[in-house]
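Structure record follows, encoded as structure tokens.
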Amino acid sequence: MATFHFDFVGPERSLYSGEVESVQLPGSEGEMTVLPGHAPVLTTLRVGVIVVTESQGNGKRIYVRGGFADVGPTSVTVLAERAAPIEELTPESIDRDIEAAQLAHDATEDQQKRQDLNAQIVQLQETKALLRL
């Protein structure tokens, strides 16, 4: 099967760089799967899990909390605000993120920011539920 280059950069380190068959992204407008030859797209990312398929039956899952994805026909680059391999994620770490978002929500009077933080809290709770699977 055809492949393309995928780079995933978190704030502290590079989490992935290599040839892949597909990448599933939690785009702000919804989930999207990128395959070789994809039309160019620049999208923001929401809280979720990026699924990297290296080959049939072989891949990785990476937790992402915000950022951008630059998609092209021969490559995808993700710049994440916060990220970790799914194996490093714990319910406790997500609880800390939920608590921080809730504190920020309670501290602001800006209605748009409150809505954004509410959405982030829901996404974090969904991610926590995914960990239980």
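The values are calculated or read from the model by the stated rules, or taken from the named source; none is laboratory data. What you are looking at is a predicted structure, and each value in this text was computed from that prediction instead of being measured. All Cβ positions, glycine included, derive from the backbone under ideal geometry; neighbour counts span all protein chains shown.
Among the residues of the range 10-59, just one is touching a residue at least 60 places away in the same chain (Cβ under 8 Å), assigned to a strand (DSSP E or B) and over 11 Å from the mean Cα position of the chain (by Cα), namely 15.
For residue 99, state whether it is under 23 Å from residue 130 (Cα atoms) and either of a type outside the set (A, V, I, L, M, F, W, C) or more than 13 Å from the chain's Cα centre (by Cα) (or both). Let's see the steps before the verdict.
Numbers: under 23 Å from residue 130 (Cα atoms): yes; either of a type outside the set (A, V, I, L, M, F, W, C) or more than 13 Å from the chain's Cα centre (by Cα) (or both): yes.
Yes; evaluated as a whole, the condition is true for this residue.
Looking at 22, 28, 55 in this structure, which one is surrounded by 15 or more Cβ atoms within 10 Å (Cβ to Cβ) and out of contact with any Phe, Trp or Tyr (no Cβ under 8 Å at 6 or more places or on another chain)? Walk me through how you get there before you give the answer.
On the way: 28 fails: surrounded by 15 or more Cβ atoms within 10 Å (Cβ to Cβ); 55 fails: surrounded by 15 or more Cβ atoms within 10 Å (Cβ to Cβ).
Selected residue: 22, the only one of 22, 28, 55 that is surrounded by 15 or more Cβ atoms within 10 Å (Cβ to Cβ) and out of contact with any Phe, Trp or Tyr (no Cβ under 8 Å at 6 or more places or on another chain).
Taking residues in the range 113-131 that are under 14 Å from residue 100 (Cβ atoms), and partners anywhere that are of a type in the set (Asp, Glu) and in a helix (DSSP H, G or I), the pairs with Cβ atoms closer than 7 Å and at least 6 places apart or on different chains are 124/97.
The set of residues in the range 31-40 that are within 16 Å of residue 8 (Cβ to Cβ) and hydrophobic (A, V, I, L, M, F, W, C) comprises 32, 34.
What about residue 99, is it surrounded by fewer than 14 Cβ atoms within 10 Å (Cβ to Cβ) and either over 28 Å from residue 1 (Cβ atoms) or in contact with a Ser or Thr (Cβ under 8 Å, 6 or more places away or on another chain) (or both)?
On the way: surrounded by fewer than 14 Cβ atoms within 10 Å (Cβ to Cβ): yes; either over 28 Å from residue 1 (Cβ atoms) or in contact with a Ser or Thr (Cβ under 8 Å, 6 or more places away or on another chain) (or both): yes.
Considered against the rule, which asks whether it is surrounded by fewer than 14 Cβ atoms within 10 Å (Cβ to Cβ) and either over 28 Å from residue 1 (Cβ atoms) or in contact with a Ser or Thr (Cβ under 8 Å, 6 or more places away or on another chain) (or both), residue 99 comes out as yes.
Looking only at residues in the range 74-89 that are under 14 Å from the mean Cα position of the chain (by Cα) and farther than 14 Å from residue 16 by Cβ, the one that is modelled with the lowest pLDDT is 89.
Among residues of the range 93-133 being at pLDDT 85 or above and assigned to a loop (DSSP other than H, G, I, E, B), the one that is nearest to residue 44 (Cα to Cα) is 110. The condition of being within 25 Å of residue 12 (Cα to Cα), touching a His at 6+ places or on another chain (Cβ under 8 Å) and either modelled with pLDDT of 90 or more or in the same structural domain as residue 11 (by TED's automatic domain parsing) (or both) holds for only one of 52, 71, that being 71.
Output the residue which, of all residues in the range 60-92 that are in a strand (DSSP E or B) and charged (D, E, K, R), is surrounded by the most Cβ atoms within 10 Å (Cβ to Cβ). Across the range 60-92, the extreme among qualifying residues is 60.
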